[in-house]
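To keep things clear, I will list the structure first and then write my remarks on it.
The values are calculated or read from the model by the stated rules, or taken from the named source; none is laboratory data. Values in this document were obtained by computation on a predicted structure and should not be read as measured data. Heads up, the Cβs are rebuilt from the backbone with ideal geometry, glycines too, and the neighbour counts pull from every protein chain shown. For accessibility, only protein heavy atoms count, side chains too; no ligands or nucleic acids. Shrake-Rupley method; radii C 1.70, N 1.55, O 1.52, S 1.80 Å.
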Amino acid sequence: MSTAVAGAAPADDGLNRRMITVSIMLATIIQALDGTIANVALPHMQGSLSASQDQITWVLTSFIVAAAIATPLTGWLCDRYGQKNIFLTSVAGFTIASVLCGLSGTLSEIVIARLLQGVFGAALVPLSQATLLDINPREKHGSAMAVWGMGVMIGPILGPTLGGWLTDSYDWRWVFFINIPIGAMAFYGIWRYIRQTDAPRKMKFDAFGFATLSLAIGALQMLLDRGEQNDWFSATETWVEAIILALSFAWLVAHTATRPAGKSFFDYRLLKNANYVSGLLFIFIVGLVLFATRALTPSMLQSLMGYPAKIAGLVTAPSGIGTMIAMMMVGRLVGKVDLRLLLAIGFAITAFSLWQMTRYTLVLSQSDIVWPGVIQGLGLGLVFVPLSAATFATLSPEMRAEGTAIYSLIRNIGSSIGIALVQTLLVRNTQTVHASLTDHITTTNPALLDNLATPQAAAALNNEITRQASMIAYVDDFWLMFILTLCVIPLLMLIRPPAKSAPVTVDHAAMD
């Protein structure tokens, strides 16, 4: 990868940089949207495809597992075939797979199409991050990561809202057809404005390393996605997935440790960069807190308070406004203010919003939902940009493609673990609290005996106890997220701010 001093850029670099940014962000947004946009359409798909509730969840699981397995391939593919070629192939493949999803007439067809979507879409987010870092001088990395972060974080937030509107107004198939014009514009912009550079072809494909890593990631994602449904380790499937995960990961570690640097599928030299490793730790926590909270709030509004899916999406979407505001502000501060201070403020604001959520009750106005979400969006926006800038500040340009792929993978694993954790605690705490509340219903309470005179009255009382128990379980989950966020703040001292005298480089070979 060639580098040049920023001042030596051709006159049209500014325009090309903006067009490249727009093009790759369109690609990022469609991939980020598709992680959540199909969720609200599942009931409609279930009826249309004649699938059971258990079967229809494979529409989500297939995409998640395929994307997780394919993400680590990004670095090797770029080294072998060139970054532009992989970008174009990914956008085209993702768009075509989206068409196939919309045209599917059976469950097996849409699951296969979603697998293809996950495979082709896996490289889009890490490649967009790597490209933005390459085409911008180091002093503008903060602003570049702000733009990238908007697409990555706002996509999952707007996904349920957009998906609900498309499903209610048109048909569930438009959840996938919406990708066609966006994908076409992204493809043209990448083809027109990013210049193809010669692939270095230094990396040999490590088949054993890829196989063990893929098995480990696939087993982990399957375990997390289906664990609650299978009652975790009460099911043989969960044990099989756990054993495959443990053995595959052990083989991967042993294989990687015994091969020379650069000869294994995972380049362990990345782990020698302290800032990069610290960044992986923090993005894991961000993924866990962000997506776990996003999974909790809509289900709480719909199941306990009777919100339609569209309204639930509308009252949770304003958190994206907070994220956008924070990212626009913090992008200008990166490089001028200590990154650790920005991160500490961001985590503190996020913790405050989660503390507000721990005060939720069954009687809430829409503003009670909107404002904590906006505050959380502000906090996460303040975290995401400086964290991305700090993570890659000291990483060499030739390792960015693989580095961004692992960074995205860790964020996704964090979100999967977070969602599985809060959903499991929600179910189990609901059962525990329900049992505790029913202990207070005794024959010595005449008021209760009068209300239990008919089966209908007894059922109504049980439903109300379940609602109260569920609300307490939701609050317990918010308390967990609050405590985890507070525990992260002292760990910020692990991050070393990059030297201000570091050389400024930009890859002009990527731009026409």
query = For LEU425 and PHE208, FRET efficiency with R0 = 51 Å and r from the beta-carbon atoms, rounded to 0.05?
reply = 0.85
key: Cα Rg over Rh - the range 55-151, Kirkwood   = 1.06
task = Evaluate E = 1/(1 + (r/R0)^6) for GLN196 and GLU398, where r is the Cβ-Cβ distance and R0 equals 22 Å; express this FRET efficiency to the nearest 0.05.
result = 0.85
query = Stretch LEU271-ILE483 to full length: gain in nm at 0.36 nm per residue minus the Cα-Cα span?
reply = 73.6 nm
message = If packing is taken as the average count of other Cβ atoms within 10 Å, what order do 358-366, 317-325, 100-108 fall into, highest mean first?
response = 317-325, 100-108, 358-366
request  = Give, in nm to one decimal, the length gained when the segment between GLN55 and TYR188 is fully stretched (0.36 nm per residue of separation minus the Cα-Cα distance).
outcome  = 44.2 nm
task = Would you mind putting 291-301, 127-137, 405-415 in packing order, based on average other-beta-carbon counts within 10 Å, highest first?
result = 127-137, 405-415, 291-301
query = When the Kirkwood radius is taken over all Cα pairs of the chain, what Stokes-Einstein diffusion coefficient follows at 4 °C and 1.567 mPa s, in µm²/s?
reply = 54
task = Please work out the FRET efficiency for the pair ALA458 and MET329, using the Cβ-Cβ distance as r and a Förster radius of 51 Å; give the result to the nearest 0.05.
result = 0.40
key: Cα long-axis angle, helix 83-103 against the chain (0 to 90 degrees, to the nearest 10)   = 30
Cα-projected label distance for THR361 with THR89, points at 7 Å along beta-carbon direction, nm = 5.9
request  = Compute the label zone of SER108 within the range 50-85: residues whose backbone N is under 20 Å from the point 7 Å along Cα-to-Cβ.
outcome  = 50-63, 66
ask   = Going down the list LYS84/LYS310; LYS204/LYS272; LYS84/LYS272; LYS84/LYS336; LYS310/LYS336; LYS140/LYS310, which pairs span over 30 Å between their C-alpha atoms?
value = LYS84/LYS310; LYS84/LYS336; LYS310/LYS336; LYS140/LYS310
request  = Return one whole number: the accessible area per residue of the chain in Å², for a 1.4 Å probe.
outcome  = 42
message = Could you check the spin-label model distance between LEU247 and TYR170? Points 7 Å from the Cα along Cα→Cβ, value in nm.
response = 4.7
query = So what's the back-of-envelope 222 nm ellipticity for the chain, counting only DSSP H runs of four-plus at -39500 (n - 2.57) apiece and dividing by all residues, rounded to 500?
reply = -24500 deg cm²/dmol
ask   = Taking square-rooted eigenvalues a ≥ b ≥ c of the alpha carbon gyration tensor, is the range 86-130 rounded, prolate or oblate, where a/c under 1.5 means rounded and, failing that, a/b exceeding b/c means prolate?
value = prolate
task = Mind putting together the pair-distance distribution for the range 393-444? All Cα pairs, 10 Å bins, whole percent per bin, short to long.
result = 20, 23, 18, 15, 12, 8, 4, 1
Potential extension, ARG18-ASP439 segment - 0.36 nm per residue separation minus Cα distance = 145.2 nm
q = 0.16, 0.21 Å⁻¹: log10 I(q)/I(0) that the Debye formula gives for the range 257-365, counting C-alpha atoms only = -0.91, -1.22
inquiry  = Give me the percent of accessible area attributable to carbon and sulfur for the range 309-436, probe 1.4 angstrom.
reply    = 69
key: Protection proxy ranking, peptides 237-243, 65-71, average beta carbon neighbours within 10 Å, highest first   = 65-71, 237-243
